[in-house]
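Below is one structure, written out as structure tokens, with a few remarks after it.
The values are calculated or read from the model by the stated rules, or taken from the named source; none is laboratory data. Note that this is a predicted model, so its numbers are computed, not measured. Note: ideal-geometry Cβ built from the backbone for every residue, glycine included; neighbour counts use all protein chains shown. Areas reflect the complete protein model, heavy atoms only, side chains present, ligands, DNA and RNA absent. Shrake-Rupley method; radii C 1.70, N 1.55, O 1.52, S 1.80 Å.
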Amino acid sequence: MRGRVVSLEAMLGVGAAVVLLSVVAVRASVRLGLPSLLLYLGIGVLLGESVLGFQFENTELTESLGLAALVLILTEGGLTTRWPDVRSALGLGISLSTVAVAVSIGATGTALHLLLGLDWRTAFLWGAVLSSTDAAAVFSVLRGVGVRRRLSGALELESGLNDAPVVIAVVLLASPGPLAWWSPALVVYELAVGAAVGAALGAGGAWALRRAALPATGLYPLATVAVCVLGYAGGQWLHASGFLATYLAALILGNSHLPHRGGVLSFAEGTGWLAQIGLFVLLGLYASPSALGAALGPALVAGAVLVLLGRPLSILVSMLPFRLPWREQAFLSWAGLRGAVPIVLALIPVTRAPDSPSARLLVDVVLVLVVLLTLLQGTTLPWVARLLRVSRGAEATEIEVDSAPLDELGADLLQVRVPVGSRLHGVYLRELRLPKGAVVSLVVRAGDGFTPVPDTRLKERDQLLVVTTAAARSRTEQRIRAVDRAGRLARWRGESGRS
């Protein structure tokens, strides 16, 4: 509380209690059908000035911590995004994160100027803040909905990529003085250099980690996340898009042959959850519930404009070259989930003009709007997917192949899990036809391990331990993935197993 020195043990105790309560809240949110971010915001409000009395009003610190949390959330999103799942949606994702953003800013800003009487620059600033979908919301909600891969891939790419142009737009519009004629060129520069930094660090980091032979398994996840965070720092240092650099570096690393890949992804997932918890609790703590009532009216107007005009029009224009069926366009329009990103972006104008009432109003409006849209869209997304018939139904999960190096032997261990729906089910071991230098040394089935023979028939949920020479590892992984996707006749069907 204000004026009181809080001891270290008190801070650690409260922090640990908040994390544990938030972890329990995830289970509760699943049962209630509510996105967990609402419960995290509620915990923050409960801790805040209106209930328990903790006052936190440092806007600059909130913005800095919020941006840091977004970096970790984007890192987790990029690392856990499977390239085969999003490859077919690459064009859709890029169009959604560029063309759709521009259309949304223009349409939403124009409508808010006319309806709320905002000056043009402020109206477009509001439109820019509201145009970004949220990676945390999309990654946590969408992956449980089960829609067609092209749609889920497009939405994941959009949420990972659109932060970059939106941040640039918000900073330009929130800065004092008129916009320069070269502002569009600056946007192109920031995106291009950010993409180059991310691609270079992702490729270079993957190459270095495969050859590092680190002394402890736990160092690989730390090094991987550090490379992604370095992408943000490097991009910002070059006055480019650090968010784009972070996401691309993570996407490349997550789809590379990393040592202990399973441990890396688990660590990144835990880090992402911790960042989400900390971010939403912090935003709830920063919020002033007493001021939210005055923001309800503008929030309802802005939400109606966004849902009924801005998002649908941006989808319609950006999807014109792809000729998507109207059902898929309707789902993309409804699935523009908002979360912490618009709230963090709304803090940027406050830090640049701390005495501006309209800047503080924007924060309150966005906070109310995020809660309303999350309740409306997040809870109805599975129902909308079924109504529009865009659910993919039962589909095999991408097979997991984790590796661990055996440097002294010049070999690798591959841990393979056979998911439900995989075409590895029913394949005899002799039909797997692994390349020379690779052998399945152990099968674990229903908790019991045994040494397989050529007539061993694989089943769903089996775990395989494959020993392979370093030279044959890549071909071994490709063969396993090929059979997982196309069955024992993968070669005849033209499936190579390459990502």
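Among the candidates Leu179, Leu161, single out the residue that is open to solvent by 20 Å² or more (accessible area, probe 1.4 Å), within 16 Å of Ile94 (Cβ to Cβ) and either at pLDDT 90 or above or not β-branched (Val, Ile, Thr) (or both).
Values: Leu179 fails: within 16 Å of Ile94 (Cβ to Cβ).
Only one candidate qualifies: Leu161.
Could you tell me whether any residue of the range 456-472 is at pLDDT 85 or above, touching a Phe, Trp or Tyr at 6+ places or on another chain (Cβ under 6 Å), of a type outside the set (A, V, I, L, M) and open to solvent by 10 Å² or more (accessible area, probe 1.4 Å)?
Checked against the condition, which is being at pLDDT 85 or above, touching a Phe, Trp or Tyr at 6+ places or on another chain (Cβ under 6 Å), of a type outside the set (A, V, I, L, M) and open to solvent by 10 Å² or more (accessible area, probe 1.4 Å), the range 456-472 yields at least one hit.
Among the numbered conditions (1) within 25 Å of Pro176 (Cα to Cα); (2) open to solvent by 30 Å² or more (accessible area, probe 1.4 Å), tell me where Pro349 comes up short.
(2)
Does Glu190 meet the test of being charged (D, E, K, R), closer than 20 Å to Ser132 by Cβ, free of Cβ contacts under 8 Å to residues at least 60 places away in the same chain and open to solvent by less than 50 Å² (accessible area, probe 1.4 Å)?
yes
Starting from the range 50-69, keep only residues that are within 23 Å of Gly231 (Cβ to Cβ), then list their pairs with residues that are open to solvent by 50 Å² or more (accessible area, probe 1.4 Å) and modelled with pLDDT under 75 whose Cβ atoms are within a distance under 6 Å, requiring at least 6 positions of separation or different chains.
Final answer for the pair search is none.
Could you say whether any residue in the range 160-176 is over 23 Å from Pro298 (Cβ atoms) and either of a type in the set (Asp, Glu) or in contact with an Asp or Glu (Cβ under 7 Å, 6 or more places away or on another chain) (or both)?
Yes, there is a match, as at least one residue in the range 160-176 is over 23 Å from Pro298 (Cβ atoms) and either of a type in the set (Asp, Glu) or in contact with an Asp or Glu (Cβ under 7 Å, 6 or more places away or on another chain) (or both).
Quick check on my filter: what residues within the range 50-69 are of a type in the set (Val, Ile, Thr) and open to solvent by 40 Å² or more (accessible area, probe 1.4 Å)?
Val51
If you scan the range 463-489, which residues turn out to be of a type in the set (A, V, I, L, M), closer than 28 Å to Ala446 by Cβ and touching a residue at least 60 places away in the same chain (Cβ under 8 Å)?
Ile480, Val483, Ala486
So, of the residues in the range 421-431 that are part of a loop (DSSP other than H, G, I, E, B) and open to solvent by less than 70 Å² (accessible area, probe 1.4 Å), which turns out to be farthest from Phe450 (Cα to Cα)?
Filtering the range 421-431 down to residues part of a loop (DSSP other than H, G, I, E, B) leaves 421-427.
Narrowing further to those that are open to solvent by less than 70 Å² (accessible area, probe 1.4 Å): 421-422, 424, 426-427.
Values: Gly421: 23, Ser422: 21, Leu424: 18, Gly426: 17, Val427: 17 Å.
Out of the qualifying residues, it is Gly421.
If you scan the range 193-212, which residues turn out to be of a type in the set (Gly, Ala, Ser), under 15 Å from His257 (Cβ atoms) and open to solvent by 20 Å² or more (accessible area, probe 1.4 Å)? Step through it out loud before you land on a result.
In the first step, residues of the range 193-212 are kept if they are of a type in the set (Gly, Ala, Ser); the result is 194-196, 198-200, 202-206, 208, 212.
Pick out the ones that are also under 15 Å from His257 (Cβ atoms) and you get 202-206, 208, 212.
Residues satisfying the conditions are Ala203, Gly204, Ala208, Ala212.
Looking for whichever is open to solvent by 10 Å² or more (accessible area, probe 1.4 Å) and within 14 Å of the chain's Cα centre (by Cα) here; the options are Leu72, Leu79, Leu90. Which one fits? Spell out how you get there, then give the answer.
Values: Leu79 fails: open to solvent by 10 Å² or more (accessible area, probe 1.4 Å); Leu90 fails: within 14 Å of the chain's Cα centre (by Cα).
None of the other options fit; the residue is Leu72.
Given the structure, is Leu409 at pLDDT 75 or above and either more than 30 Å from Ala486 (Cβ to Cβ) or open to solvent by less than 50 Å² (accessible area, probe 1.4 Å) (or both)?
Numbers: at pLDDT 75 or above: no; either more than 30 Å from Ala486 (Cβ to Cβ) or open to solvent by less than 50 Å² (accessible area, probe 1.4 Å) (or both): yes.
Taking the combined requirement at face value, the residue does not satisfy it.
Here is a check on your reading of the model: is Ser356 more than 20 Å from Asn162 (Cα to Cα) and either hydroxyl-bearing (Ser, Thr, Tyr) or in contact (Cβ under 8 Å) with a residue 60 or more places away in the chain (or both)? Walk me through how you get there before you give the answer.
Details: more than 20 Å from Asn162 (Cα to Cα): yes; either hydroxyl-bearing (Ser, Thr, Tyr) or in contact (Cβ under 8 Å) with a residue 60 or more places away in the chain (or both): yes.
The answer is yes for Ser356.
Report yes if some residue within the range 339-347 is within 26 Å of Thr62 (Cβ to Cβ), within 22 Å of the chain's Cα centre (by Cα) and not in a helix (DSSP H, G or I); otherwise report no. First the steps, then the outcome.
Quick first cut of the range 339-347, residues within 26 Å of Thr62 (Cβ to Cβ) only: 339-347.
After this cut, where a residue has to be within 22 Å of the chain's Cα centre (by Cα) as well, the list is 339-347.
Then drop every residue that is not not in a helix (DSSP H, G or I), which leaves 339.
Yes: one or more hits.
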